[in-house]
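So the structure is just underneath, and the comments pick up after that.
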Amino acid sequence: MSDATRAVEAIWRIESARIVGALARYTGDFALAEDAAQEALAEALVSWPRDGQPANPVGWLMTTAKRRAIDTIRRAGVQREKYEAIAHDQDEAYDADLDIERIDDDVLALMFVSCHPVLSKEARVALTLRVVGGLSSEEIARAFLVPVPTIQARITRAKKTIAAAKVPFEVPSPDERRQRLAGVLNVLYLIFTEGSTATSGEDLIRTDLAREARRLTRVLIGVLPDEPEAYGLLALMELTASRFPARTDAAGDPVLLEDQDRTRWDQGAVRRGVAALEQATPRGLGPYGLQAAIAATHAVADSVETTDWERIIVLYEALGRIAPNPIVDLNRAVAVAMAHGPLRALEIVDRIAEDKRLDHTHLLPTVRGELLRRLGRTVEARKELERAAGMCTNDRERAVLRQKVADLP
């Protein structure tokens with residue numbers, strides 16, 4: 001890869017959201033804006049290595065994308081008024097009279113459109129990574145281990161759905177924004193979760209995807225600096241990512257929390273996470289903030305034994321009240337096992353088992369098998385761990401479960 005090509009990709013990754021957002025505002029057409037921006041990117045990948053990087057790279061991309069949009073409008077025979085509305089400034093330098101606040105609005109509108117509730121979860125994730133994150137279809141497909149045509153189809157369907165639903169390109173009103181912010185945060189959380197706990201394939205952690213989720217969350221905080229739950233989400237991501245260096249061994253196999261070398265935890269990420277949590281705490285912690293507080297409790301402990309498990313139990317109880325979920329209850333059971341022993345935890349897990357929402361995941365039999373092992377109930381433990389291994393879709397995690405079975409007496 002040439003230096004010019006790397007420069008194109010780096011600038012695109014940083015500036016694509018502003019470019020697509022500005023184009024969408026100019027044209028009033030989200031799909032046209034994204035397509036024109038992609039055409040400008042493709043032209044840059046050809047011309048910059050050949051002719052050299054322009055003095056104003058962002059202005060070059062913006063102007064080229066505008067021209068592509070105008071060409072498309074002209075070919076489509078759209079009304080002359082619309083053409084004239086966006087054509088009059090097509091040759092102006094992008095940064096001649098840069099309105100920072102307006103650009104913030106463009107990026108924020110882009111996030112809310114990409115995460116609009118008319119779209120499926122998969123479509124929201126793919127579209128956000130494409131138009132806000134600046135990732136290519138190939139990069140998104142590689143991150144989620146699906147074929148490129150699948151991602152391309154999701155993005156195409158998403159843009160058609162937005163057009164059919166006549167979703168306006170605008171920042172939602174304050175009331176609507178509060179209602180829809182949870183959806184935006186959820187998309188960012190899903191992207192991070194896929195990167196931090198890969199559900200399939202061989203890699204346990206996909207750091208590039210987790211890193212992109214953190215970057216996009218910082219972008220959101222930059223345009224919505226007064227939203228405590230956005231800080232809570234960033235804190236959760238940073239504190240979770242701080243453990244990445246110790247979560248796998250040299251062979252890439254998972255290392256359990258109690259076996260991790262805590263000197264390998266990324267202290268810079270811990271500090272960033274704690275700082276973000278401090279921004280969220282004075283205004284009250286929501287679901288992401290509470291999870292971040294749990295992660296922070298782990299981060300400040302020197303070992304599993306010195307961890308404040310009672311505090312973690314209380315935080316999980318609070319989380320369960322505001323965001324009821326069997327996974328939350330399962331995690332609370334693990335904390336109870338550490339604080340009070342496996343028998344009390346097993347009682348909680350058996351109650352959770354009555355909730356059929358966890359029937360599709362290996363997590364419940366994994367926890368139950370480990371608790372039974374600690375209680376010396378080997379036959380039952382073997383059955384649960386074998387069931388967990390059969391349900392697990394991540395190759396390395398499955399291998400660990402099978403090794404647990406092999407280690408049973």
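The values are calculated or read from the model by the stated rules, or taken from the named source; none is laboratory data. Just so it is clear, the structure is predicted and the values come from calculations on it, not from any experiment. Every residue, glycine among them, receives a Cβ derived from its backbone with ideal geometry; neighbour counts consider all protein chains shown. SASA here: full protein model, heavy atoms, side chains in, ligands and nucleic acids out. Shrake-Rupley method; radii C 1.70, N 1.55, O 1.52, S 1.80 Å.
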Checklist entry - Heavy-atom accessible area per residue, the chain, 1.4 Å probe: how many Å²? => result 48
Checklist outcome for this item: Check: C-alpha center the range 265-291 vs C-alpha center the range 112-167, spacing in Å is 29
Checklist entry - ³J(HN,Hα) across the range 160-166 via Karplus (A = 6.51, B = -1.76, C = 1.60, θ = phi - 60°), whole Hz, x for Gly/Pro? => result 5, 5, 4, 5, 5, 7, 6
Item to check | Percent carbon-and-sulfur accessible area, the range 290-409, ignoring ligands, DNA and RNA, probe 1.4 Å | outcome: 51
Next on the checklist: Can you give me the solvent accessible area of Lys159 with a 1.4 Å probe, rounded to the nearest 10 Å²?
Outcome noted: 20
Checklist outcome for this item: Long-range amide H partners of Leu119, meaning residues 5 or more apart or on another chain whose placed amide H is closer than 5 Å, are none
Checklist outcome for this item: Per-residue ellipticity at 222 nm attributable to helices in the chain (runs of n ≥ 4 DSSP H, -39500 (n - 2.57) apiece, nearest 500 deg cm²/dmol) works out to -23000 deg cm²/dmol
Item to check | Karplus-derived HN-Hα couplings along the range 232-237 (A = 6.51, B = -1.76, C = 1.60, θ = phi - 60°), whole Hz, x at Gly and Pro | outcome: x, 5, 4, 4, 4, 5
Checklist entry - What list of ³J(HN,Hα) couplings, whole Hz, do you get for the range 217-228 from phi and the Karplus terms 6.51, -1.76, 1.60, once you set θ to phi - 60° and write x for glycine and proline? => result 5, 5, 4, 4, 5, x, 9, 10, x, 10, 9, x
Checklist outcome for this item: Checked the range 326-393 with the C-alpha gyration tensor, a ≥ b ≥ c its square-rooted eigenvalues, rounded below a/c of 1.5, otherwise prolate if a/b is larger than b/c and oblate if not; verdict oblate
Checklist outcome for this item: Any residue on another chain or 5+ positions along whose placed amide H is under 5 Å from the amide H of Thr248 is listed here as Val255
Checklist entry - With a Cα-only, solvent-free Debye model of the chain, what are the log10 I(q)/I(0) values at q = 0.12 Å⁻¹? => result -1.02
Checklist outcome for this item: Distance in nm between Val46 and Glu122 label points, each 7 Å along Cα→Cβ, equals 3.3
Checklist outcome for this item: Residue separation between Gln152 and Ala301 times 0.36 nm, minus their alpha-carbon distance, gives in nm 49.2 nm
Checklist entry - In this model, which of Lys356/Lys404; Lys121/Lys383; Lys66/Lys159 are farther than 30 Å apart at the alpha-carbon? => result Lys121/Lys383
Item to check | Cα-Cα separations in the range 266-386 greater than 16 Å, expressed as whole percent | outcome: 65
Next on the checklist: Just to be sure I understand the curve: with the Debye formula and one point per C-alpha of the range 117-166, what is log10 I(q)/I(0) at q = 0.13, 0.18, 0.20, 0.32 Å⁻¹?
Outcome noted: -0.26, -0.48, -0.59, -1.27
Checklist outcome for this item: On the formula 1/(1 + (r/R0)^6), with r taken between the Cβ atoms of Arg211 and Arg377 and R0 of 41 Å, the FRET efficiency rounded to 0.05 is 0.45
Checklist entry - Among the GluC sites (Glu not before Pro) within the range 266-360, which fall in a DSSP loop and have no more than 11 other Cβ atoms within 10 Å of their own Cβ? => result Glu305, Glu354
Checklist outcome for this item: On the accessible surface of the range 8-81, probed at 1.4 Å with all protein chains in place, carbon and sulfur together account for a percent value of 49
Checklist entry - Of the accessible area of the range 122-181, with the probe set at 1.4 angstrom, what percent is carbon plus sulfur? => result 52
